[in-house]
Amino acid sequence: MTASIYFTSSEGFSGKAAVALGVLETLTQRVGRVGVFRPIVKDAERDDVLEILVDHLDPTLELRPADCVGVTYDDVHDDPAAALARIIARYGEVARQCEAMVIVGSDFTDVGNPAELGFNARVAANLGAPVLLVLSGRNQTDLSARSAAEMAQAAALAVPELEAEHARLLACVVNRADPEQREGIRAAVAEALDEVSGDGTPSIPVWALPENPLLTAPTVGQLVDAIDGTLYSGDPALLDREVLGVTVAGMAMEHVLERTFESGVVFVAGDRTETLLALLLAQQADSFPSLAALVVNGPFEFSPVIQQLLEGVEPNLPIIRTVHGTFDTATRIVNTRGSLGRDHHRKHTTALADFAAHVDADELVKLLEVPEPGVITPLMFEYQLLDRARADRKRIVLPEGGDDRILTAASILLQRQVADLVVLGDETAIRRRGAELGLELDRARIISTDDPQLLQRFAEEYAKLRAHKGVTVDEALEKMRDVSYFGTMMVHLGLADGMVSGAAHTTAHTIKPSFEIVKTKPGTSIVSSVFLMALADRVLVYGDCAVVPDPSAEQLADIAISA
């Protein structure tokens, strides 16, 4: 039988999509075929939540978002009974292909009759899916934090609605809880659920996720849309950066600079170019916060000399132009709600990290009675690797610190606490680029290949290793400035446990230093490589397909043993 779980809430903007993403990842790590389903959506052609979840499924399922939709709000209004029957039929079509199902209820954006929580409970009961209730730790009007007593009351009020429709409450997650009251809120909700559930009923597990401003922050790109703006200059890649607040530059320049903060947006009237230039200058200084963007509002055009200056500076920081006035621009920005978008990968990583840190995944899987997998899918294999890496953390050096992909990957690994990372490159440049991209690199150690002490030590060691080739220390110094040689020497001397490279360098450039420095271990006659081939139901190891193009029988045997 297909294991299933139904996500619903008692109000909108609870953040249940982020919680569902965490549960989905938990299940895909343990079950071969996991599906997703949305019983009720506003638009059958496009649903942001479904697109995010489907992107995280095993691709061999070949499920499209449109396959995972039950009915629309209009269908429910027209004929609730017929809509429910269609939901059940559509769900069955997807569930038959899967071992587990993640079902995400409606969003409180349309259904008015019957009551939305009650209707979701009825759907869950008819699908035979236990309910995971998601409660928001924020008030809907002013987004202020709710107290433990308020959260307990919200939980107590929700249970009768679920029971009235014969839905079974499996667990509860308080999302966006006040971080300082998180444990008190969790305990209060658990106590409230025990009281309303009655004697003899097993306690309902309750978890609380702390408020994380990043997850509800709009991106620069979303603000551009809200203010009818255009990108005047700057790096388009930074439009995906989250905005954590706004400063209106309606004061003297020095006071504006005092009020900037990390990932903030400053908007300034188009004729206040002295403030604009001061803000751009501040972005070049490590002593000032890294802004997400500058918004220049109003009908004023830049003078030719200012345009010439901006073209010469070529700032990475996005400068957005809009014709709207200050009040209108500010209102539009403040009213822009962030969401967990399909391409917001930093939000996905953060949501998954928060879920893993605060929810007992093993207990949740046990509650769902998930069947033991008969195969190992690539997603399950990836989870097992990451889990083993966390259990035995190693120090890994990443030589290609100038590549945005490497920095992004480093941020993900650090957030998930998979490894301790050393990134090679100029620390100021890497930290600045990481801040521009909105990455979490604080826990990464950044080392320059020009570090005089390490460079001298590495050169002397390399000269000693290559003395039979006549290599001098001066020649070795030049060689060690190459990131591949520098990183390999770190591994050789025990300063790192391993090196990962090849995003910006060829295989030959990456592995040649290991031939000269690390060499083969005793008993191994040939250097070889392996790679992992992820198939639909298993993962295979292939060796060697890169280093030895035409191996002899003896070499093949050695390669097989090494692999």
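The values are calculated or read from the model by the stated rules, or taken from the named source; none is laboratory data. It should be emphasised that the depicted structure is a prediction, and the values quoted were computed from it without experimental measurement. Don't worry about glycine lacking a Cβ; one is built from the backbone with ideal geometry, like all the others, and counts go over all protein chains shown.
List of remarks:
- When restricted to residues that are part of a helix (DSSP H, G or I) and on the phi > 0 side of the Ramachandran plot, segment 497-508 contains 0.
- When S501 is tested against the conditions (1) of a type in the set (S, T, N, Q); (2) surrounded by fewer than 17 Cβ atoms within 10 Å (Cβ to Cβ); (3) under 26 Å from T408 (Cα atoms), the lone failure is (2).
- Selection status of I306, at pLDDT below 90, over 20 Å from the mean Cα position of the chain (by Cα) and not assigned by TED's automatic domain parsing to the domain that holds A410: yes
- Residues in segment 43-98 that are in contact (Cβ under 8 Å) with a residue 24 or more places away in the chain, of a type in the set (V, I, T), closer than 25 Å to A351 by Cβ and in contact with a strand residue (DSSP E or B) (Cβ under 7 Å, 6 or more places away or on another chain): V49, V69, V94.
- Qualifying residue in segment 303-324 (condition: touching a residue at least 40 places away in the same chain (Cβ under 8 Å), crowded, with 18+ Cβ neighbours inside 10 Å, at positive phi and not acidic (D, E)): no
- Matching option when the condition is of a type outside the set (A, V, I, L, M, F, W, C), surrounded by 13 or more Cβ atoms within 10 Å (Cβ to Cβ) and outside the structural domain of L50 (by TED's automatic domain parsing), among D286, D240: D240
- The helices (runs of 4 or more DSSP H) found entirely in segment 351-449 that carry 3 or more residues being more than 30 Å from D482 (Cβ to Cβ) are 361-368, 378-391.
- Segment 459-496: number of residues that are surrounded by 16 or more Cβ atoms within 10 Å (Cβ to Cβ) and either assigned to a helix (DSSP H, G or I) or out of contact with any Gly (no Cβ under 9 Å at 6 or more places or on another chain) (or both): 23
- Flag if R332 is among the charged types (D, E, K, R), crowded, with 17+ Cβ neighbours inside 10 Å and within 25 Å of G15 (Cα to Cα): yes
- In summary, A167 fulfils each of the numbered conditions (1) touching a Phe, Trp or Tyr at 6+ places or on another chain (Cβ under 9 Å); (2) in contact (Cβ under 8 Å) with a residue 24 or more places away in the chain; (3) in the same structural domain as E301 (by TED's automatic domain parsing) with the single exception of condition (3).
- Among residues of segment 429-471, those that are small (G, A, S) and more than 30 Å from A285 (Cα to Cα), counted: 4
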